[in-house]
1. Which one of THR368, PHE662, LEU449 is farthest out on the positive end of the charge dipole of the chain, using unit charges on Cβ (Lys, Arg +1; Asp, Glu -1) and the Cα centre as origin?
2. Taking a quarter of the surface of the convex hull around the Cα atoms of the chain, what do you get in nm²?
3. I need the calculated FRET efficiency for the pair GLU226 and GLU422, taking r as the beta carbon distance and R₀ as 41 Å, to the nearest 0.05.
4. Grab the Cα-Cα distance for ARG875 and GLU213, subtract it from 0.36 nm times how many residues apart they are, and report the gain in nm with one decimal.
5. Taking the chain as the reference, fit the longest principal axis to its C-alpha atoms, fit the long axis of helix 664-679 to the helix C-alpha atoms, and give the angle between the two in degrees, 0 to 90, nearest 10.
6. Taking a ≥ b ≥ c as the square roots of the Cα gyration tensor eigenvalues, with a/c under 1.5 meaning rounded and otherwise prolate when a/b beats b/c, else oblate, which class fits segment 341-398?
7. What does a probe at THR368 reach in segment 116-146, counting residues whose amide N is under 19 Å from the point 7 Å along Cα→Cβ?
8. Would you mind checking the pairs LYS175/LYS441; LYS222/LYS312; LYS685/LYS933; LYS942/LYS993 and listing those with alpha carbons more than 29 angstrom apart?
Amino acid sequence: MFDGDRNMPYFRSETQKANFARLEEEILALWDRDGEKTFERSVARREGSDKFVFVEGPPTANGLPHPGHILTRVVKDLVLRYKTMRGFYVKRKAGWDTHGLPVEIEVEKELGINNKGEIEKYGVEKFNRRCKDSVFRYEKEWVNATKRVGFWIDMDSPYITFDNEYIESVWWSLKEIWKKGLLYKGHKVVPYCPRCETTLSSHEVAQGYQDVEDPSVYVKFKLKQEKESEPLYLLAWTTTPWTLLGNIALAVHPLHAYVKARVKVKDGAKEENIILAESRLDVLEDEYEILERFNGKELEGMKYERLFEYAKIEGGESHKVITAEFVTLEEGTGVVHIAPAFGEVDYEVCREKKLGFSQPVNNEGRFTNEVPPLEGIFVKDADKHIIEMMEQRGVLYKEDRHLHSYPFCWRCGSPLLYYARESWFIAMKSLRDNLLATNEKINWYPAHLKYGRFGNFLENIEDWALSRERFWGTPLNIWICTGCGKDYCVGSIEELKDRAKNPVSGDLDLHRPYIDEVVLKCDACGGEMRRVKDVIDCWYDSGSAPFAQWHYPFADEEFKQNFPADFITEAIDQTRGWFYSLLAVSTAIFDAPPYLNVLSLGHILDEKGVKMSKSKGNVVDINAIFDNEGADALRWYFFTAGSPSDDVRFSEHVIIEKQKKFLNTLWNSYFFFVTYATIDKFNPKDKEIAVEQRNAMDRWIISRLNTLTKEVIDSIERFEIHVASRKIEDFVINDLSNWYIRRSRRRFWIVEENFDKDCAYLTLFEVLVSLCKLLAPFVPFVTEHIYQNIARAEDELESVHLCDYPSPDESLIEVELEDSMELVSGLVEAGRRARSDAGIKIRQPLKEVVVVCSEGKREKVASLVGILKDELNVRDVKLEDVSLKNEFAAADEYKQVEVDEDTTLFLDTCLDKSLIEEGLVRDLVRRIQGMRKDLDLEYTAKIRVMYECDEEVKEAINRFSEYICEETLAESIEESSAKGEQVYDKKWKIGEKEVYLAIECVSSHSLSSH
Ligand SMILES: [Zn+2]
Ligand SMILES: [Zn+2]
């Protein structure tokens, strides 16, 4: 196509309106073309250069991609394309998260089953096979959406967490932890999901808090007294009445003041003696009188009657008052009900004081037959019955509702219970200082997360409850001897084969149930070792990605070269999810940070600001946007909407707006260039004009471009993507389109060869090419399209994405010129304001404008006075000293506008005959241009203009006929009423005058003849 034939246009002409969605499909085909494989080549080109390491946070493909996933994908893509263009070698391996509760729950739903018993009945082998199949159910949709949005990542060889090799690496890492003595089995109160029948880790719990209303009950516990006297009650408070069935003790603070109050209950009909903390007397709703005051310590050891006689109590004393420092007086009564089966603190304090234990609730969160009236009822549903029972027994002082934050299962949404259970833990608490130290080496974006949300979480870190009493996951690689009780952690497949009692097949699937069959020989006693039935938390899987994706240490080269990551990014909810699990695993094994920079992204909201979710039915269909507006519009919206960490409001409507505002403006600028360049057969290779030889306008836009380049690079390096993209948008709309091109377009209209025209072409060409490269990581499609047409032959690289990112040329930055232009554009704005204040339209020429300002500013404006004159449509611009301000202010004919503290603009608003005439002519020009538009004429089509009007207007037309022709691309303008078939005519009223105008197209440059 670019064969250098002088008679052929150098560029391909374009359509005035772009169909971005179709253009993007063409670009996708181009990138995928045989032999082209643009993505792979863009990576391979940089091999041997410095690395920029990225780890993909693996999504799960058992659900469709959501707009939130698309947001993270485009942010990743922007950074990785940018770094590649900056010269780094940026490998991008995709990954899939495939294990865990999310997958199991989906399969349970499909099978219509609801608990673990039913899964076992169905068969673990069959169940796990279904799980495995389900995790790639929407792979095609994921791959398509990923490609369509332009996220370049290697999806042909992804890491998959269920692969044997991946599991083997995870096993290796757990063995490392086990060898350090950090993997242990504990009996602890842990967060527990009664539906999923498994424990959860504290970082999972941290993801699922919701504000809910629960009952708030004040319960009277009757103290046992030696002498038979009036009843005396201790008043306790709880928001989980069901835990009262497991009550073992009441705790008070030893040093705080408590009182015995005589309370008039039942509207004064009865009086009762009640003990509670003095500072909590507010909770009493009745009149009272204080009888005694004492420290909590004095209550210690007192016995009280059980509320309910149902549950069995094992080992140790029960139902007595203990003292504990953890009792607070911020809420409740200062008397804390203790149920060791349902609270971590409760459990610890009972163990310490050697008190008993009672657990009347089963694994599904339902009361057992120990509590006949509540048997089979889910604990949260039992609350109302328990309140009734207490009412009947006369032990309920009052009942309320209480709004508080309560944890729910992050996967199935069930309220979590705190349960004393046996499970396997990683001793993260003992690694707290190491976690803090590795976090110290990480840059967080936004920075406040480092010591805020994330740092606080680390400060209060708890041991990682790792085991899950479930089926589909990486099996916990611990075997326990049935003879001597010794445990052993297997760290590789080879080791498994070595230690197995019976031969293990070469292609053993490491999942349950197969792995459960493998029995090992005990080193110590020669007995049989059997695997602990649990699988592990799937967050540990994804947290192992930095090494497991490379099958480290069984293959070690890739890992060594790709650790730690330079960059990861996901949504803010991963702070306590993947961001934490990566750090935890890496700290436990390598004592090193797994990533050096982490960018936390906001969530996607709908148009009204509500979080987008399937259940709310407000999820925008991404595919419709791809088909209608295209990926670039979507990407550009995400980048400019706000800081990456802010939540984004999202709808098709806002994407359409973005396309109009930015992409169309970019396209129009490109279209303008290509249209004239094809007509003029402009070839950038023919011309070489140094920038300093060009006019101020050209030098200015080139200076602005270089300044912009500097600012964009600075901003992306700090992940301030919104700053970078908004600056580019401002440049394209205001500097390039609305100022440079608008003000320079006449230079392109000149027909003959001309130095100034060449300068304009070269300048616009250079700006567009640089802009393409600058924008390529943001909007990869339209930039590729433009590049393919105007720059490819020049650069001789086959894609804009193979190019280097532009770097600013400091020698082309003219700070003074940029300042001057800014000053002028401020004056233009002020002058327009003066006109509109005076009610004079911009087409009406005026005599003069006077700018009163400092000498420095006068110097700056002086060189650009022509622009000011033109923009404000005045015949003269005067620059005067500030000392003359009062003089102008006193004159009637001036409209005054203050520009800044030492600059004032005075617009002469007097009109004489010649000004009025000129105004009339400009009005005519505008009407003719409007008529050209009505006919949908090409930019460059020539016309003939005919008119009829009175003498006065005719005089004006004659005087300005040359001007009118120039402005409207007319070959002639004559007085005539000819109404040929090809003639388009219209009667106009201009001011008081009636004018008949007719136009006829006489020639049209064919824009698509080649
Ligand atoms: Zn659950
Ligand atoms: Zn043994």
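1. THR368
2. So the Cα hull casts an average projection of 57.5 nm².
3. Computed FRET efficiency for GLU226 and GLU422: 0.50.
4. Full extension of this stretch gives 230.9 nm more.
5. Between the helix axis and the principal axis of the chain, the angle is about 40 degrees.
6. It is oblate, given that a/c is not under 1.5 and a/b is not larger than b/c.
7. 116-117
8. Cα-Cα > 29 Å for LYS685/LYS933; rest within.
The values are calculated or read from the model by the stated rules, or taken from the named source; none is laboratory data. Keep in mind it's a predicted model, so treat the numbers as computed, not measured. So basically every Cβ, Gly included, is an ideal-geometry build from the backbone, and we count neighbours across all protein chains shown. When the accessible area is computed, the model is the full protein with side chains, heavy atoms only, and any ligands, DNA or RNA have been set aside. Shrake-Rupley method; radii C 1.70, N 1.55, O 1.52, S 1.80 Å.
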